[in-house]
Amino acid sequence: MKAIVIGSGVSGLTAAALLARDGHQVTVCEQFGQIGGVTATLWEEGFGWDLGPLMLEGIGPGEPAGEVLAEVGAAQRVRLERGERGICFPDFRILPPAEYGGPYWRREWLKRQFPAEQEGLDRYYRFYDQMMGLAALSHQAERADGLRAFLLKARLWLAFLQVMRMKNWNAAQVMDHFFRDPKLKAIYTVILADFVVPPSIFPGLLIPLVNPETAFDKRIPTRLSPSVTGKRPAFHYVLGGCGKLVEALAEVVRQHGGEIRTGTRVQKITIADGRVTGVRLEDGRDEPAELVVASGGAHEAFFGLVGREYLPADFSARVADVPFMESVLMVHLGIDFDPTPYQPIPLCYYYNTYDVEGGIERCRRGEYHEGKDGFLIYIPSLHSPDMAPPGHHAVTVYTIAPNHLSEGTWTQRRDEMADKLLAEAGKVIPGLGERAQVRVILTPQDFRVRTLQEHHSFGGVAPVLGRSGAPHRTPIRGLWFVGSQSESNAGVANSIVGAWRAVRMIRKGM
Ligand SMILES: Cc1cc2nc3c(=O)[nH]c(=O)nc-3n(C[C@H](O)[C@H](O)[C@H](O)COP(=O)(O)OP(=O)(O)OC[C@H]3O[C@@H](n4cnc5c(N)ncnc54)[C@H](O)[C@@H]3O)c2cc1C
């Protein structure tokens, strides 16, 4: 078939690579001048920084997205290194200890910090193990066929029964069930700032899955012991930057005869008799196709490119209900000094508040905290020295930020807001802003342009209880939707696996 893929982010390129390998004639249309969407790497004056994701979950060998990358022939083209993140609060830091303390060292460390919570911590980690086992089973079941799939699904159901009573609990309820101390609760819920979703609406069962112990110490093995169900997720850096991942996928597309056109914006998805007929480009040209795979913003794709008149009311309502995150303010720096005395590992999150619910709610209301509530510092040149000139380092500082400021615009206030964020980061790495030789600022406005989203949702669909992303299958025959705003959820690994799921349905003619 002639297939057109809209968008060259990691989801569009995965779908394109799979379809090209299947023998379809594939064209990828990307509106921006560079491929990769938010998984691109930026370069300036010899410094390289990732535009979006930093440390990726689930892309290693045998992991959900890793298996797709292997199937498509891209895995062997990227080099991965296990990563970990530190988290720092006003009165303590949780960093991997110099001497490895086993897979549950954080539990034991936390018991010493919060002696009154020892029993709750033991209960939490039993729940944690159940959820990790469930996630591993679910991955195995999705990939299995026949009797094995049936048996795995039965095991999955039995395992789910153990936590079923919590299925509608929000994250705050789950935390209240195990702990009393607000600081301890914050340790497990601050990561929700990454989704801009407050604990009161975040699905409680996901708390262990967004806090895997392997994220906090790369020495923790992914397979614990034969008695523990499944593998634990691993976190990896893509050496040389995440852009290498999209380049690898793009190579596969081209190698199998596919074409990738940058600077090519799709204006309309053309439809006749309930079936897709192709796309209309910005310059007015029509490109016929029997198959169109759209990625990017769900509202933009369905309400803009398709048009509500072609969609049943219930489908439009589902798309309208897709919950979004907010955006980010990001400052990339090139520095000429060694930052490791202040931050010993490439990635650390700094939180200045324990009021997780309030901080996130304020961001959702459009109140920007100017870096005061927290930020992260990422130094890719620590794992990939080629991302900075010799003797130099590439540093990224970013924080969540609302799409629109309550006063003024991001364009008017970009330098002021970057200075304020760097003033906070300078409390961690002294002189960070002042001593930078190169500085690149990306505001929510820049991200809107980069992704062509009216409301930039930086990770994709927000994990909110009872709501979900847009379906891969659409009411228009031959039109499919993939990416971080789809039902497969946000993030790089989900976007890759979601594209694989959509192509699997296309293959089966569903
Ligand atoms: C700052 C930041 C940090 C992140 N951190 C992490 C992380 O640590 N871990 C993780 O897993 N994920 C992270 N993510 C999320 C992850 O990067 C995304 O979920 C994923 O990369 C989305 O891929 P995608 O293909 O769905 O979308 P995108 O990368 O947005 O790609 C969509 C593409 O479609 C193009 N497009 C849209 N409309 C049109 C049109 N009409 N015509 C032509 N082209 C069009 C856009 O230009 C864009 O290139 C982060 C994201 C950001 C921004």
Amide H to amide H under 5 Å from Val279: which residues, 5+ apart in sequence or cross-chain, H placed 1.01 Å off N in plane? Thr270, Glu287, Ala289
Across every pair of different alpha-carbon atoms, what Kirkwood hydrodynamic radius in Å does region 458-510 reach? 11.2
If the limit is 24 Å between Cα atoms, which of Lys185/Lys372; Lys183/Lys427; Lys244/Lys508; Lys2/Lys268; Lys231/Lys508; Lys111/Lys185 go over it? Lys244/Lys508; Lys231/Lys508
On a full-extension model of 0.36 nm per residue, what is the gain between Lys153 and Arg439, subtracting their alpha-carbon distance, rounded to one decimal in nm? 97.9 nm
May I ask for the distance between the Cα centers of region 162-206 and region 5-72, given as a whole number of Å? 31
Classify region 103-228 as rounded, prolate or oblate from the Cα gyration tensor: take a ≥ b ≥ c as the square roots of its eigenvalues, call it rounded if a/c is under 1.5, otherwise prolate when a/b beats b/c and oblate if not. prolate
Between Ala423 and Lys183, what is the FRET efficiency for a Förster distance of 22 Å, r being their Cβ-Cβ separation, to the nearest 0.05? 0.30
Would you mind putting 304-313, 13-22, 252-261 in packing order, based on average other-beta-carbon counts within 10 Å, highest first? 13-22, 252-261, 304-313
Ranked by how many other beta carbons lie within 10 Å on average, peptides 378-386, 269-277 from highest: 378-386, 269-277
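Of all beta bridges DSSP finds with both residues in the chain, what is the antiparallel percent, to the nearest 5?
Within the chain, antiparallel bridges account for around 70 percent of the total.
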FRET efficiency estimate (nearest 0.05) - Cβ-Cβ, Glu361 to Ala317, R0 30 angstrom: 0.75
Using only the alpha-carbon atoms of region 414-465 as identical scatterers, what base-10 log of I(q)/I(0) does the Debye formula give at q = 0.19, 0.24 Å⁻¹? -0.77, -0.90
Can you compute 3J(HN,Hα) from phi for each residue in region 462-475, using the Karplus curve 6.51 cos²θ - 1.76 cosθ + 1.60 with θ = phi - 60°, rounded to whole Hz and x for Gly and Pro? 7, x, 10, 3, x, 10, 8, x, 6, x, 5, 7, 10, x
Take the alpha carbon atoms of region 84-155, find their center, do the same for region 332-352, and report the distance between the two centers in whole angstrom. 27
Taking placed amide H atoms and a strict 5 Å upper bound, the residues 5 or more places from Gln485 or on another chain that come that close are Gly296, Val461
Principal axes of region 379-510: Cα extent on each, largest first, Å: 58, 40, 27
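Give the peptides 95-102, 340-347 in descending order of average Cβ contacts within 10 Å, highest first. Mind dumping the intermediate values first?
Numbers: 95-102: 12.6, 340-347: 17.0.
Descending mean neighbour count gives 340-347, 95-102.
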What's log10 of I(q)/I(0) for region 198-272 at q = 0.25 Å⁻¹, Debye sum over Cα points only, no solvent? -1.16
Using alpha-carbon positions, what is the distance between the centroids of region 440-502 and region 237-255, in Å? 20
With +1 assigned to the C-beta of every Lys and Arg and -1 to the C-beta of every Asp and Glu, and no other charges, what is the dipole magnitude of region 253-384 about the Cα centre in debye, to the nearest 20? 300
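Select from region 1-72 those GluC sites (Glu not before Pro) which occupy a DSSP coil region and have at most 13 other Cβ atoms within 10 Å, ordered by residue number.
Details: sites: Glu30, Glu44, Glu45, Glu57, Glu67, Glu71; in loops: Glu30, Glu45.
When the GluC sites (Glu not before Pro) of region 1-72 are filtered for loop state and at most 13 Cβ neighbours within 10 Å, Glu45 remain.
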Among the Cα-Cα pairs of the chain, the proportion with separation greater than 39 Å, in percent, is 22
Amide H to amide H under 5 Å from Ala74: which residues, 5+ apart in sequence or cross-chain, H placed 1.01 Å off N in plane? none
Please report, ordered by residue number, every helix of the chain (full DSSP H runs) that is 20 Å or longer along its axis going by C-alpha atoms and whose mean Kyte-Doolittle hydropathy reaches 0.5. 146-161, 492-507
What is the mean projected area of the alpha carbon convex hull for region 327-451, to one decimal in square nanometres? 7.8
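Rule-based calculations on the coordinates, nothing more; no lab input. Since the structure is predicted, the reported quantities are computational estimates derived from the model, not experimental observations. Cβ sites come from the backbone with ideal geometry, for glycine too, and all protein chains shown count toward neighbours.
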